[in-house]
Each structure stands twice: as C-alpha cells, then as structure tokens.
Amino acid sequence: MNKRLRFNVRSRLRLPKLSAFSHDTRMLITASGLTAVSFFGIQMLLKSLYILRLDYGPEYLGLFYSFAALTFMGMGIPSGALGKRFGTRTIMLVGGLLCAIGMALLPGTELMPATLQHVWPFISQIVLTIGWSMFTVNLVPALMATTTDATRNHAYAISSAVRELGTLVGTLIGGLMPTIFSPVLGQSLDAPDPYRISLVVGAVLALGAILPLLNVRGGQAPAKRETQKARGPAPVLPLLAMVIYVYVRHAGWATCQVFCNPMMDTQLHLSSATIGLISGLGQVLAMVTMLMLPRMMNRWSHGGILVGSTLGLGLSLIPLAVYSHPSTAAITWIAVRVMSSIWITALQVFQMELVDEAWRSLAYGVVAMAMGLGFGSTSYTGGHIVATYGYPTILWLGAVTSGIATLMIILILKRRSNVDVSRSLEVPAPAQAVPVRRVEAGPD
C-alpha cells in the first residue's frame, strides 16, 4: 500500500526515480539537506534570540547580520574562482568545515574576555559566512555539471525540497532545545544559556554535512550528457542586469529574514517553540511547493516563476506590516518562506542557463555578491529604522522594494525575449563558393 501510494504521488508530480540522477547528484542533494538542518534551521532561528539575550538591541542585530551579508558579498567571486581552480568538491568540503567552526564560535561569546565579547559575534559571523559562501556558490554549478536537460529542473527542485526538509527538522529541533535545556540548567528562557547550549548542538550537527561530500567522486557528469558549448565571451550585460535585480529583490527579502523573528520574540512575545512551529509550517509548505516546481517551470518558464515569486514576496510582507498579531506573523513568515524557496530555485536554473559552462562558477559568485550586498544594506539600515520607527515600517519598505524588483525582472525578461526574437529572424549569410583551383601539370 505504501509502495503504491509513493508511486501515485511520484507519478502525479512527475518526479523521476532517484536512479535517474547520477551518484554525485544524489550526494550533493544529501549534503544540501544536512547543511540546512544546522545552518537554516537551528542557527537562523536561535542566533538572533541568543544575541538579544546578551542585552543587545536591534541596531546591534542589524549590524551583526550586515557583517555576514557583506562577507558573503565579498566572498562571492573568490568562492567561484576557488571552485574553478581547485574543484567544486574540494571547496565545498572546506566551506562545510568552516561553517561548523563559525557556528561553534558564536556560543563562546560569554567565555571571551570582556574586551572581545562585543566583537566576538562578528568574528563568528565572518567565519561562518566565508564557509557558507564557499559551500553554496559551488553547489549550484556542481549540480549543473552532474545533471542533464531531462533531470536538471527536477534535481534543483528536489535539492530545494530536501533543503526545506532539513530546515524544517532543524527549526523544530532548534525551537524545542531551549525549552529542554532551560529546566536542566535551572534558568528561564530569558537567560542566554539555554540558547548557547542549543547553538553548540547545532555546530556539532553541521559536521554531518561533510560526510556525503567525502563520497562525491569528483563532480563528473552522467554517462549521457549534452555536448558542451565552447567557451564564449563573458556575459557582462546580462549579468549586470541580474545583479541589480537580485540586489533589489534580496534587500526586500532581508526585511523579514532579519527582523521577523526578533519581532515575534520581543514585540509579540512568542516563545521559541512557537516561533519554531510557525517556521516549521513554512518549511512544510515550501517543501511541497518544491516538488511541484518542475511542472510550474515547464508551464510558466523560469522567468515567469521569478516574476511571480518576487511579486508574491512583496505581498507577503503586507499582513504583518498592517496588523502586528501572531496570526499575521504566521501568514507573513510562511508566505515569505514559500516565495523565497520558489525564487532561489528558479534563479539558480535561470542564471546557470544564461551563461556558458566555463563562466558558471564565477557568474553565480557575482550573483551571490549581489545577494550579500542587498542583505547587508537592509540589515544595517533596518536596525536603525526599527529602533526609530518600529518593525512595521521596515516591512513596508520591504514590500515596496519587492514591487520595484518585480518591474525590473519583467523588463529583463522583455529585453531578453526581444533579443531572442531578433536572433531568430536573422537571415544567415549565403555560403560563399569555394574557388576551384586548377592543378597545372608540371614537367616530368
């Protein structure tokens, strides 16, 4: 019965069998899911709550996240260049190890001398973000290199779904751990120690993502692979347009990613378990959406998905901006989670297919740089905006920014469509006749 149910679900969603993917693709997807448990789940949920319990305010929190974003921006191109020079597998392994080290540094803040305690969270963020950049920037071209046209959309969608599953598991674990450690330590949930121990557990779990990477056989492609095109010139103009779009869109997304959890904690007074439950619901819906994404991309194209998810992001921020309540917080956070998962998956495939294979690592590094800049600028300025005008203002700013980004991607797609049409209408030059050379008889 279970086997028949799995077959019906897979056939309805038109999901390929796991055997359709290469060994390396399966290992990369597994590594992505395991990393999400600690990075997107436990860390993203708890580190802002931990910092708030160290008696730091929203200005410090905004600066803290901006350091991570600016580091990610600065590491975008170097991460791609390192992957091209030493191989994606090697750089992903180093990145995974640095992620675990960076996660372990943050809960050691209280153990540092008083002169270092104020800057120690920033050091942890820098180490963590360097590792995350090296991992994620090289994961995208690694998946591209190990898939074919027939399996590519499904591979990216399943990778995103597994990442959402890992985030769900990590979020639920992260939300429960402080409530478990609180009575054991004899401290309330307003104290930092329950969160500090939980972050240590997350750092240990981060080491698990390294195991499947060790089993990658070098990033080779499946047996049946498309003929690769020769390396063309650097796609400067298309990349520049995408960089500006990604910057504006990511700036809008960062308004909720950075400040929704603190808002639920300090203004709505929700417990970490409740925040984790809300985040978990968002992961479940995002995971289900990811399984349907290949059919959505076939119907509306990658560009259409980018337009819809960017507009959807802006609309998702409005409920919590209008009415600060646990119900609207849940609606906003869940909708933002779903829209973001759809967007990043469509962006990865769209951007990878935009350039030749030789440029993919560097190209995604440039896009990652734009993500970091957008996230960093919003984190830094957003902390001051929240401290002066409150949380709803920053959410309204995110909604407006997302609307601007929607118009930008529409213009990019229109421009690209016009270029494709003009190329298809070009009349090839007639082949010039090759002159026949007479061979004169020479002397005997």
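Bear in mind that the values in this text are calculations on the coordinates, not laboratory data. Computed from a predicted model, the values in this text were never measured in an experiment. Glycine also receives a Cβ, built like all others from the backbone with ideal geometry; neighbour counts cover every protein chain displayed.
Shown here for the stretch 145-223: chymotrypsin sites (Phe, Trp or Tyr not before Pro) in loop regions (DSSP other than H, G, I, E, B) with at most 10 other Cβ atoms within 10 Å, of which there are none. In this calculation the C-beta distance from Tyr56 to Val236 is compared with R0 = 45 Å, giving a FRET efficiency of 0.60.
Taking neighbour Cβ counts within 10 Å as the exposure measure, how do Glu59, Glu110 sort from fewest upward?
Values: Glu59 16, Glu110 12.
In order of increasing Cβ crowding within 10 Å: Glu110, Glu59.
Counting beta carbons within 10 Å around each of Ser271, Ser22 and listing the fewest first gives the order Ser271, Ser22. Summarising the label geometry, the points placed 7 Å from Cα in the beta-carbon direction at Arg299 and Val204 lie 4.6 nm from one another.
Between Ala387 and Leu285, the FRET efficiency estimated from the beta carbon spacing at R0 = 22 angstrom works out to 0.10. Electrostatic tally near Gly282: other residues with Cβ closer than 12 Å to its Cβ, Lys and Arg +1, Asp and Glu -1, net 0.
Using Cβ counts within 10 Å as a stand-in for footprinting exposure, how do Lys414, Lys47, Lys84 rank, fewest first? Let's see the in-between values first.
On the way: Lys414 11, Lys47 27, Lys84 18.
By the 10 Å Cβ count, ascending, the order reads Lys414, Lys84, Lys47.
Could you give the dipole magnitude of the stretch 249-373 about its Cα centre, charging the beta-carbon of Lys and Arg +1 and that of Asp and Glu -1, in debye to the nearest 20? List each step's numbers first, then the result.
Values: 5 positive and 4 negative charges, 44 e Å.
About 220 debye.
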